Protein chains: 2
Amino acid sequence: MPLTTRPQAVLIDLAGVLHIDDQPIPGAVGALRTLRSSGLPLRFLTNTTRSPTSRIVATLRQMGFAIEPDEIQTAVIATRHLVEQRKLRPHYLVHPDIVDEIGPSHPEPDAVVLGDAGPHFTFASLNHAFRLLMRGYPFIAMARNRYFKESDGLTLDVGAFVNCLEFSSGVTAEVVGKPAATFFQSALDQLGIGPEQAILIGDDLSDDIGGAQAVGIPGILVRTGKFRAGDDAHPQIRPSNVVADFPAAVNYLLDC
Amino acid sequence: MPLTTRPQAVLIDLAGVLHIDDQPIPGAVGALRTLRSSGLPLRFLTNTTRSPTSRIVATLRQMGFAIEPDEIQTAVIATRHLVEQRKLRPHYLVHPDIVDEIGPSHPEPDAVVLGDAGPHFTFASLNHAFRLLMRGYPFIAMARNRYFKESDGLTLDVGAFVNCLEFSSGVTAEVVGKPAATFFQSALDQLGIGPEQAILIGDDLSDDIGGAQAVGIPGILVRTGKFRAGDDAHPQIRPSNVVADFPAAVNYLLDC
């Protein structure tokens, strides 16, 4: 899917693309400023479910990224909408930091919702969720990411624990964040554009580039964050372009 | 695979068949005595990897089951043999109670070995194993069981955490215990019989009955332990017989 015309909006993944932990990718702060000066609408899509939107925005601003809360679309907020829409009473196995944003677990649950609980994934918390799933409750996962990059190395993401519970319970999770088509479609709807008018910049071949590709959005893969050698030679998932980093992606876009 | 002649040896799963936690299945102690009096050689095959053989035997004896250590074949001991044979230097993510039996983790590992660590499956211990797997080390799992029955309910077994790590690392584990063909074959070799001359009694449709069936050993499924409604109507895995419990299995066998 090579780009033929300049896109009308840019969807941008956060962790691994703009920053790693609390460190901006070199040149990314200036590159975002350059991209903004082009006037293209931006939308930031994140599967990070360890922090509420307010903290994500605050951390980005501390690093120098000027981002407004309403430009961010998170898997946490998308999950909250889905839970409200379906009138579910979830048991939440999530990070304590997002409880204020997602709400407390229901004392008499009828669903299990998983976010990236990080160190709060314990045998006890997983076994409790497993027993609820064995009652036949629906299983909703905010994301299914395999891992992400921290400053000291790659780290297990929520997908590991989604698979853990799926295997033992026999219940398949419904994923809310990337690569779910509804997650990308929701961003397009709010921007009022079609998929081929947008472009996505991400570091996750499968969930960013593959997910966007499945709904018709071309993707630019950056070689930062969780990018690993060979990601640029996948038989099915074909980025429009593979570039060194976010600044290179911005240059490529503005040259279109 | 209906039985045509009386078997020449009986392979028996332990947890869920003879006992649940530290409680014998009603009538199982007497039934084992009856089975022994028939003179048939017995072999007990267990994927339980939370306890060393000595404690498994002691717990069974406390419940009244007369079982000798050399009649038990465990996934822990089979793993130790495999590690020795291949001269591996594993990092062990296992229950501390089996460290004396399996050995300590190597400070410079070249393999990852998983047993049922139970509450010792933490985010930190799993993430450490994940990072080793991302170096391309081979992944050996003592078992891949989905869950087992404790007195207070079903409990996540090691298979959940095998799948957790497989998903995120992309490395597929080699399973040592049931349903691995080598595990059943090893029991047959020591008994000096062919698969069709043995019979297995188990509560796990997939790992006991399915595993035995794959090497040609007929299986009797008991409706105790982890048995769940529908296990007796699986399209591919067909027990020779499905009976209420271990005493009923012994009656069936001795009537052949």
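The values are calculated or read from the model by the stated rules, or taken from the named source; none is laboratory data. It should be emphasised that the depicted structure is a prediction, and the values quoted were computed from it without experimental measurement. Ideal geometry is used to build each Cβ from the backbone, glycine not excepted, and the neighbour counts take in all protein chains shown.
In the stretch B:165-214, the qualifying residues are those that are farther than 18 Å from B:ALA75 by Cα and touching a residue at least 40 places away in the same chain (Cβ under 8 Å), and the one that is nearest to the other protein chains (Cβ to nearest Cβ) is B:LEU165.
Exactly one residue out of A:ALA78, A:ALA58 is in contact with a Gly (Cβ under 8 Å, 6 or more places away or on another chain) and either modelled with pLDDT of 95 or more or assigned to a helix (DSSP H, G or I) (or both), and it is A:ALA78. Residues in the stretch B:125-164 that are more than 7 Å from chain A (Cβ to nearest Cβ) and hydrophobic (A, V, I, L, M, F, W, C): B:ALA129, B:LEU132, B:LEU133, B:PHE139, B:ILE140, B:ALA141, B:MET142, B:ALA143, B:PHE148, B:VAL158, B:VAL162. Taking the stretch B:158-256 and the helices (runs of 4 or more DSSP H) fully enclosed by it, the elements with 3 or more residues that are out of contact with any Phe, Trp or Tyr (no Cβ under 8 Å at 6 or more places or on another chain), surrounded by fewer than 18 Cβ atoms within 10 Å (Cβ to Cβ) and of a type outside the set (Val, Ile, Thr) are at B:181-191, B:246-255. Yes or no: A:ILE199 in contact with a helix residue (DSSP H, G or I) (Cβ under 6 Å, 6 or more places away or on another chain), among the aliphatic types (A, V, I, L, M) and in the same structural domain as A:ASP21 (by TED's automatic domain parsing)? So A:ILE199 does not fit the description; no.
Listed here are the residues, each with its yes/no results for (1) more than 21 Å from A:SER240 (Cβ to Cβ); (2) among the charged types (D, E, K, R); (3) surrounded by 20 or more Cβ atoms within 10 Å (Cβ to Cβ); (4) free of Cβ contacts under 8 Å to residues at least 12 places away in the same chain.
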site	(1), (2), (3), (4)
A:VAL10	no, no, yes, no
A:GLN62	yes, no, no, no
A:ARG80	yes, yes, no, no
A:ARG89	yes, yes, no, no
A:ASP100	yes, yes, no, no
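As for the stretch A:12-34, it holds at least one residue that is under 26 Å from A:GLN197 (Cβ atoms), surrounded by 18 or more Cβ atoms within 10 Å (Cβ to Cβ), at pLDDT below 95 and in the same structural domain as A:THR182 (by TED's automatic domain parsing).
Return yes or no: is A:ASN127 of a type outside the set (Gly, Ala, Ser), under 19 Å from the mean Cα position of the chain (by Cα) and either modelled with pLDDT of 95 or more or surrounded by fewer than 17 Cβ atoms within 10 Å (Cβ to Cβ) (or both)? No; evaluated as a whole, the condition is false for this residue.
Among the residues making up the stretch B:35-52, those that are surrounded by 19 or more Cβ atoms within 10 Å (Cβ to Cβ) and not small (Gly, Ala, Ser) are B:LEU35, B:ARG43, B:PHE44, B:LEU45, B:THR46, B:ASN47, B:THR48, B:THR49, B:ARG50, B:PRO52.
Which condition breaks for A:LEU32 when tested against (1) touching a Ser or Thr at 6+ places or on another chain (Cβ under 9 Å); (2) in a helix (DSSP H, G or I); (3) among the hydrophobic types (A, V, I, L, M, F, W, C)? For A:LEU32, the failing item is (1).
Among the residues of the stretch B:88-124, those identified as aliphatic (A, V, I, L, M), more than 14 Å from every other protein chain (Cβ to nearest Cβ) and in a strand (DSSP E or B) are B:ALA111, B:VAL113. The condition (being of a type in the set (S, T, N, Q) and either within 12 Å of chain A (Cβ to nearest Cβ) or in contact (Cβ under 8 Å) with a residue 40 or more places away in the chain (or both)) is satisfied by just one residue among B:GLN73, B:GLN85: B:GLN73. Cβ-Cβ distances below 7 Å connect the following pairs, each with a first residue in the stretch A:230-242 that is assigned by TED's automatic domain parsing to the domain that holds A:GLU196 and closer than 9 Å to A:PRO218 by Cβ, a second residue that is small (Gly, Ala, Ser) and outside any loop (DSSP other than H, G, I, E, B), and a separation of six or more residues or different chains: A:PRO239/A:GLY219; A:SER240/A:GLY219. Inclusion of A:ARG50 among residues that are outside any strand (DSSP E or B) and in contact with a helix residue (DSSP H, G or I) (Cβ under 8 Å, 6 or more places away or on another chain) is warranted.
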